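First the structure, in the form of structure tokens, and then the observations on it.
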Amino acid sequence: MSKPKPAALPAGTVVGGYHIVRKLAAGGFGVVYLAQDPQQQWVALKEYLPASLAERASGELAPRVKPDKLPLYRLGLKSFFEEGRSLAQIAHPSVVSVLNFFRENETVYMVMNYLQGDTLQDFVITARDLKREKVLRESTIRSLFDEILRGLRIVHQHKMLHLDIKPANIFITNDNRAVMLDFGAAREVLTKEGDFVRPMYTPGFAAPEMYRRDGALGPWTDIYAIGACLYACMHGYPPSDAPTRIDKDRLDATLARMRSTYSDNLLEVTQWCMALDPLSRPQSVFALHKELAHESERRYSTLSLADRIKLQLESLKGGAR
């Protein structure tokens, strides 16, 4: 029998001067509420509440944590608080805005702009179900990820990683902005520390190094996830997870089937981002963004990548004679 999830705070609860209206979402690491600030403005209020470490009965405010889990709970709480502090320093339209963060009820709350719209995942699923040749148009994909990469570049400049980029965490607002949500610093700390070994990554979007306790994480880890998102926008489904790809990689074959639908450049960028070896990927968002901006390279080839490389080699040999 699975352990019951900690109860969300009921409507009408006031924390830090914010009046909770209703629960918006809940995940393994917390609960997000729709709330009003003291000026009656709508905000999203995110509460640190890791379901595997904390308990809370209906009507209670503070989570209850068993003594043996307390060090890990506090470690994640500290990371969540520092994440709030870091995000509050970033002002970019493609990064969720943190307006405030505070401690109360033996946990931490992060106050963010309340966004209205739908996730990229919603758009991909809707488009996929229409069974069109192209899930999303290439111009749409390029425009969307141009925005996302501008925001991600700022995040990395602040020495932060997202660690859970996926279509469900990219929000398309009603005024057509693409915004990254749900950063994963606390999740990463809890994954790497102690005996806490439940997988906290999203299969298909998590880079191979996220599956290893000794895996070196860096900008290249988020870049793998960007590649997986590009893939999902073209294919309609997530790519195979990293362990499956390591065992038998079908990425190239799947991308090859899209050659006459999407440009060589977009397919090659996706392939580059999703290299299993971290050193074979773009090492910075700047390098990736520069390559994705190559509008002039939108060829739509029916040749495989291997065939095109052979042709290039043959032409080089011919020129050397």
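The values are calculated or read from the model by the stated rules, or taken from the named source; none is laboratory data. Values in this document were obtained by computation on a predicted structure and should not be read as measured data. Using ideal geometry, Cβ is built from the backbone for each residue, glycine included, and neighbour counts are taken over all protein chains shown.
Every residue in segment 9-19 that is without any contact (Cβ under 8 Å) to a residue 40 or more places away in the chain and buried (at least 16 other Cβ atoms within 10 Å of the Cβ), please.
Residue satisfying the conditions is His19 alone.
Take the residues of segment 132-142 that are surrounded by 14 or more Cβ atoms within 10 Å (Cβ to Cβ) and either modelled with pLDDT under 90 or of a type in the set (A, V, I, L, M) (or both): which is farthest from Ile223 (Cα to Cα)?
The selected residue is Lys134.
Phe145 - would you say it is crowded, with 21+ Cβ neighbours inside 10 Å, of a type in the set (Phe, Trp, Tyr) and closer than 30 Å to His235 by Cα?
yes
Identify, please: which residue in segment 67-92 is free of Cβ contacts under 8 Å to residues at least 12 places away in the same chain and farther than 23 Å from Met112 by Cα and is, among those, nearest to the chain's Cα centre (by Cα)?
Leu70
Taking the condition of being part of a loop (DSSP other than H, G, I, E, B), touching a residue at least 12 places away in the same chain (Cβ under 8 Å) and of a type outside the set (A, V, I, L, M), how many residues in segment 132-158 meet it?
Here the count works out to 3.
Within segment 55-62, identify whether any single residue is under 19 Å from Phe183 (Cβ atoms) and in contact with a Ser or Thr (Cβ under 8 Å, 6 or more places away or on another chain), and answer yes or no.
no
Which residues, taken from segment 8-50, are modelled with pLDDT under 95 and farther than 20 Å from Arg103 by Cβ?
Matches in segment 8-50: Leu24, Ala25, Ala26, Gly27, Gly28.
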